[in-house]
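Data block below; observations after.
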Amino acid sequence: MKRIRRLAFAVLLAAGVFVPSVAPAAQHNETTLFAVVMTRHGVRSLTHAPAAYAWPDWSPVAPGFLTAHGYRLMTYMGRFYRGYFASVGLPLGCTARTGFVYADLDERTLETGRALIDGACGAPNAIPLQHAANAAPGAVDPLFDGADWLVPAGRFDAAASRAAVTAAAPDPPSALVTEHATDFADLQALLALRCAGSCPPASAGTSAIVATKGLAKLTGPVDTASTYAESIFLEDAECGPAQDPQRLAGAMRLHVLDYVVNARNAYNASIRGANIFAHIVGLLEAHAGFTDPDVDVPDLRGVNVAFLAGHDTQLGALGGLLGAHWAPGGDLAADDMPPGGALIFELYRTGAGEARVRLKFAAQTLAQLRHSSALVDGAALTPVRLPGCDGDDCSVSLAQLAARAHALAGAGLVQRPWTPTSDAPMPLAPLADPMWMRCLP
C-alpha cells in the first residue's frame with residue numbers, strides 16, 4: 001500500500017507541472033499532420049429512470065441505447081468532420097481509408113462509430129469499424145476507462161482519491177448547495193412539471209464523500225441533481241417536450257459541477273483517463289516520428305484522422321488531466337459534454353520543425369440536437385483553454401504531452417498494449433425512437 005501511495009503522490013505532482021505554452025501565431029509554412037477525435041456517443045435513452053419523479057417511457061429503445069435520432073445526429077457530425085478536416089489538409093478519403101474509427105463495446109458507442117462513418121462516407125460500412133476483439137457479453141475495453149481494471153486489481157489509492165474529491169469541494173461540501181442555489185432553483189422548476197402535489201426538493205439530502213466502486217465520490221444533492229439534469233437534457237435532445245432553455249442551462253451547470261468535483265479532480269481523472277490519454281499521445285507520437293513511446297498503437301500510416309467513440313467519462317477525465325476548459329456556446333453550459341461532443345487533438349509541425357498539438361472542442365447545441373432537419377454544418381468548433389494559455393491559438397508541444405504520458409505510465413496507470421482489435425460486424429438491435437418523440441427528421 002505504501003508503494004501505491006507513493007505512486008499516487010507522483011501522479012498528483014505530475015498534474016501540477018503540466019503548463020502548456022502559447023505557440024507563435026499560426027504561420028503559413030506550418031503543416032497539419034494528423035488528428036485524434038475523442039468523441040462521446042450520441043443521444044441515448046436513459047440508462048435507468050431516476051427515482052422520485054415521473055419519467056417518460058423510452059421504449060422500444062432499450063436502456064442506454066443510441067436512438068435513431070441520435071444516430072442521425074452523429075451522421076451530421078461525420079459530415080461536419082469530413083468538411084472540417086479537408087479544410088485543414090487532412091482529407092477523410094473513404095476509398096483510400098484515411099479515417100480510422102475505433103469504438104468502445106457498448107451499443108451506443110458502436111452505433112456512434114457506424115454513424116460517423118455513414119455521415120463522412122455515405123455508408124456505415126465504407127470504413128471498417130474497429131473494436132475490441134473480446135466482445136463477449138459484459139466485456140470491457142481497458143483502453144477507455146482505467147478504473148475498469150485498476151480498481152478491481154487494487155492498483156489505486158483510496159485515500160488519495162478521497163483527498164482529491166475533498167480538495168475539489170468546499171468545506172463543508174454541503175456549501176455547494178448554497179453556492180449554487182439559483183441553479184438548484186432552476187432544476188426544481190423543471191422537476192415540478194413532472195410530479196403531483198409536493199415535490200421532493202432536489203437540494204435535499206446529506207452531502208458526503210464515500211467510496212463508490214472503489215473511487216471516492218461526493219454523494220448527495222449535487223450527485224442527484226446531475227442525474228436529474230442530464231435525464232431532462234436527453235429528453236429535450238430527443239425531441240421531447242421543450243424545456244425552458246435558461247432553466248435547463250442552470251440545471252446542466254449542476255451536471256458539470258458534479259464532474260468538476262468527482263471526475264475532473266487531480267486523482268480520479270488520472271485513474272480513469274491515464275490509459276486513453278497515453279494512447280492518444282502514442283498515436284500523435286507515431287505520426288510525428290517520435291521513437292520509444294510508452295504504449296503500442298495500431299499502425300495508422302496513411303490515416304489522417306483517428307476517431308475514438310467513447311463516453312463523457314473519457315472527456316471529463318481528459319479535461320481533468322489537461323486542466324482543459326471549453327465553452328461549447330449556444331445554450332450549453334461551460335465545460336458541458338453533450339451527446340456527440342468531442343475533444344480534437346490536432347497535430348501540426350511548425351516552420352521551425354517542432355511538433356505541437358492544438359485542442360478543440362466540437363459540439364452540437366441543444367437547438368441543433370432537437371431540430372436536426374435544420375442542421376447544415378453539423379457542429380460548432382471552439383478552442384480549448386489550457387493552463388496559462390487561453391487564446392484561439394493555444395497549443396502545447398507534443399514533447400510535453402509525451403512527458404506527461406510517460407509519468408502516468410511510470411505510475412502504473414497505463415497498459416502498454418492497444419486492446420486486441422477486430423473489425424468483425426457486431427450484432428446490433430434495430431435503431432428506434434421513443435413513441436413520444438415530437439420532431440421529425
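The charge dipole of the range 155-271, taken about the Cα centre with unit charges on the Cβ atoms of Lys, Arg (+1) and Asp, Glu (-1), comes to about 400 debye, rounded to the nearest 20. Ordering 408, 425, 386 by Cα displacement along the dipole of the range 376-441 toward the positive end leaves 408 in first place; charges were set at the Cβ atoms of Lys, Arg (+1) and Asp, Glu (-1). Using DSSP H assignments, which helices in the chain have an axial alpha-carbon span of 20 Å or above and a mean Kyte-Doolittle hydropathy of 0.0 or higher? The qualifying helices are 2-16, 221-237, 245-262, 268-288.
Between residue 206 and residue 399, the C-beta separation translates, for a Förster distance of 51 Å, into a calculated FRET efficiency of about 0.65. Here the label points at residue 159 and residue 95, each 7 Å from Cα along the C-beta direction, are separated by 6.3 nm in the simple model. Of the beta bridges in the chain, as assigned by DSSP with both residues counted there, near 70 percent are antiparallel.
Can you give the Rg to Rh ratio of the chain, both from alpha-carbon atoms, with Rh computed by the Kirkwood formula?
Values: Rg = 21.0 Å, Rh = 22.2 Å.
Rounded to two decimals, Rg/Rh equals 0.95.
From the residues 212, 240, 195, which one has its Cα farthest along the dipole of the range 155-271 in the positive direction, the dipole being from +1 and -1 charges on Cβ of Lys/Arg and Asp/Glu about the Cα centre? Of the options given, the answer is 212. A cut-off under 10 angstrom between Cβ atoms defines the neighbours of residue 294, and their net charge, with Lys, Arg +1 and Asp, Glu -1, is -2.
In debye, nearest 20, what is the charge dipole magnitude of the chain about its Cα centre with +1 on Lys and Arg Cβ and -1 on Asp and Glu Cβ, if you could check? Can you show the working numbers first?
Numbers: 31 positive and 39 negative charges, 137 e Å.
Computed charge dipole of the chain: roughly 660 debye.
Between residue 246 and residue 31, the distance separating the two model label sites (each 7 Å from Cα on the Cα→Cβ line) works out to 5.3 nm.
Site pair residue 196 and residue 436 shows an inter-label distance of 1.5 nm when each label is modelled 7 Å from Cα along Cα→Cβ. A Stokes-Einstein calculation at 20 °C with viscosity 1.002 mPa s, built on the Kirkwood radius of the range 155-271 over Cα pairs, returns a diffusion coefficient of 145 µm²/s. Between 188, 368, 246, the GNM of the chain built on Cα springs shorter than 10 angstrom shows 246 fluctuating the most. Considering only alpha-carbon pairs that sit under 8 angstrom and 6 or more positions apart, the relative contact order computed for the range 155-271 is 35 percent. For the chain, the relative contact order works out to 28 percent when only alpha carbon pairs closer than 8 Å and six or more residues apart are counted. Counting 0.36 nm for each residue step from residue 182 to residue 429 and taking away their Cα separation leaves a gain of 84.8 nm.
Readers should treat all values here as calculations from the given coordinates under stated rules, not as data from a laboratory. No experiment lies behind these values; they were computed from the predicted model shown. Cβ sites come from the backbone with ideal geometry, for glycine too, and all protein chains shown count toward neighbours.
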